[in-house]
1. Determine, for 645, 503, the number of other Cβ atoms within 10 Å of each Cβ, and report the residues in order from fewest to most.
2. Over the chain, what relative contact order in percent results from Cα pairs under 8 Å that are six or more residues apart?
3. Quote the relative contact order of the stretch 292-458 in percent (integer), defining contacts as alpha-carbon pairs under 8 Å separated by 6+ residues.
4. Helix 108-118 versus the longest principal axis of the chain: what angle, 0 to 90°, nearest 10, using Cα atoms?
5. So how do 237, 122 line up by other beta-carbon neighbours within 10 Å, fewest first?
6. Please give the calculated 222 nm ellipticity per residue for the chain, where each DSSP H segment of at least 4 residues contributes -39500 (n - 2.57) and the sum is spread over every residue; nearest 500 deg cm²/dmol?
7. Please arrange 211, 374, 47 by how many other C-beta atoms lie within 10 Å of their C-beta, fewest to most.
8. When the Cα centres of the stretch 58-120 and the stretch 662-696 are compared, how far apart do they sit, in Å?
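All of the numbers you see were taken from the coordinates with simple rules; none came from a lab. Keep in mind the model is a prediction, meaning the values are calculated, not measured. When we count neighbours, we look across all protein chains shown, and the Cβ atoms used for this are built from the backbone with ideal geometry, even at glycine.
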C-alpha cells in the first residue's frame, strides 16, 4: 500500500541536536494548516527526544505511534478521531510517547502500512524524524515527497549536516528529495551561500533567529506561528510553506511515482518490471544496447572510473572490514550523485535498483550478487553471458539474471581469482577458486569453453550446518546414526565420506569434523579452502597452482606429506583426487587416528576400488594386494551420502571395513536408507534401517569405558529407535554377530578374516 496520491509526506530531520528541528516541524505544520486550510497531520517520530512535540503543541496524544502501528481495525476517518489528538487551530497530532519517561517502540513495516492507510484523510503529513536515521525513519523517508534537513549557521552543525546528507546519499536517497532549511539565521552566523556550497544543496528556506519568541511560545505550549503571526519569524515559516506548496512538493513526489525514462537522457522509454539484468530479454541470448537502463549503467560506470581509482581503492581496502565499508559507502555516494545527474527521470524504485546494480558491478560480482544473497540458491551455473542456471531446493531452473556480455563475465572471473593468486588465461584456461565466504568456484574460459566463459559456484551455507540439521531439518539421518558417528569421530576412527558430485560430501565432512575434541591439533588440506572448523587449534592449508612459468605448484599430495611434519593429531583432507590417497592412507596407518577425507563413489564397495585406483596414480608401482592391505588397515568407516531424485540428500549407508579376506576388502553395512516410493508431491519416501550387524570396534570402545547401547543396531522397532524419515521401522529380524562377507561379484563364506589395523594405535 502506497501513500495516497493527493497526500504529501514531509520528513524533517536535523543534522545535529539543538538545531530546532522539532520547533520547525510544529510551526511548519501550523503554517501549512493556516495557508492551505487543508487537513494536516503532525507525527513525532524522534526516538531520542520523545515527548518534545507534546510540549511544543500543548497536546497530549490519544494514541502513540506504537499503538497506532498495532491498531487492528480499519484506518478510517471515524477511527482516526479516536487515534489522533486535535489542535484548536485544526491540525491533528500523533505523538511518539505519552511522556518523556517512555521510549519510542514501533515496528517500521506496520507503521508504514498504517500511515499509508491514514494518508487518504490528509493533504499534508509532517513527520519529526529526529537526528538519527533508523528503520522506522527510513521507512518514512522512502515515502516522503520531500525531506527537509534543518541546519544552523554554525561550523560544527554544518559539518554534522554534511555527514547526514552523505549518509542519506549512501542509503540511495535521491539528492533532489533533500532540501535544506537554514534555521537561526543571524548576522554573526556563517554566510548562507557558503553553507549551501559546503552542503552542495540549495537552501529552500531561511528562518531568522528569535530566541525570545521561541522561548515564549514553548512556555505557552503554542506554536508562535499561531500566537504571533505578524512577527518576521512567523512570516518566514509562511514563506517556506508557500514555497513548498507552490510546486516543489508536486515535482519531488513524481520521483516516487512510476514514470517513463527521459527520452533525452536515456533513449526510448521501456518497462522494467522483470528482475534486474544488465542485458535484455530472458533467454534471448542477445544484448540490448538500445535499452536505456543499460545505456545509463554503462555511462555511470564510465564516469565512476574517471572519478575514483577503484582498482587502487579495492587493493588498499582488502582484508580490512572498516576500509571496505568506507569504500562501499563512498562509492555508493558517488554513484547516487552520478545517477541523479545522468538519469534524473528515474522513478525512485528504479533508481535504487540501478544504483545497487552499478555498485555490485563496481565492487562485487555484478549480476551474481543478488543470486549470492539469495539463501535459497545453493548453486550457480553460468553457461555463457546470457544463460545462468541456479539450483533451488535441489532443483535446477533458469535464472532471469544475465550478464551484458562475455567481457563483463570475464571481469567477474578475474575479480574472483586474482586476490587468491590464481591465474586464468589462454595458457591456463580453467581454475579452481573460492569466494570470501568459502563458496567453491570453478571457471573455464575460451578456447576450452566454446560458447563463452563458464562459471560454477557452489555456495557455502551462511549458517553452518550442524548434525541437528541433518536429523531434524533435512531428515538425512536418524538420531541413532548421528550419535553413532559422533562416538566414532571422538574415539579416533578413520572415516571416509563417499558420494557423487553435489551430494554434500564436504558439508558432511565439515559437520563430522565438529566432533573432534577441542584439545587436538588438526591440519586441514584442501584445493580451495571450504572447511570451517570451530576448534581453535586448526592449521588450514590450501594448494597453489603453477605460475606463468609453469613452476611453483603445490599439490594436495605435497601438503599431506608436509602435514605429517606438523605434529597433527588429525589430518582432514577436503578430497582425495590423485596419488595423495596413498599418503593419506599411510598417515592413517602411522598414528594419525581420526583422520578424515572424501572420495567420489556411488557406494562403499566402489569407494574401495576408487581408493585403490587413486593409490596407483601415486606412481609407486605397488601390487594391488599391498594397496588393499593398506585400505583395510587404515580405513574404519565409510559414510555414503547421496542426492536423491527429488533433490534431498540422505546418508544412504554407514559401512565398517571389517578386514580383508584373501584379495577382497571385507565390508559390513551397519545402517542403510531404503527407498520405498513417492508421496503425492513426488518426494521420495523411505526409511533408515539398522542391518543388525554390530561393529567389531564396539568392544574396543567398551574397554575404553565408552558404552554404545547394542539396541542401537537392532532391526526390531521395539528395541531400536524409530527412523527419522519416511515412516515406520523395518521388519524385525534376529540380531546377530557380524559375519564378514566380502561384497564381491561372487559371494563366498570366509574361512578367516584378517584385520591389518585397529582403531587403537
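1. Taking fewest neighbouring Cβ atoms as first place, the list is 645, 503.
2. Contact order relative to length: 8 percent.
3. Value for the stretch 292-458: 15 percent.
4. Once rounded, one gets 40 degrees.
5. 122, 237
6. Working: 26 runs with 262 residues, N = 761.
Counting only the DSSP helices, I get -10000 deg cm²/dmol.
7. If I rank by nearby Cβ atoms, fewest first, I get 211, 374, 47.
8. Centre-to-centre (Cα) distance: 62 Å.
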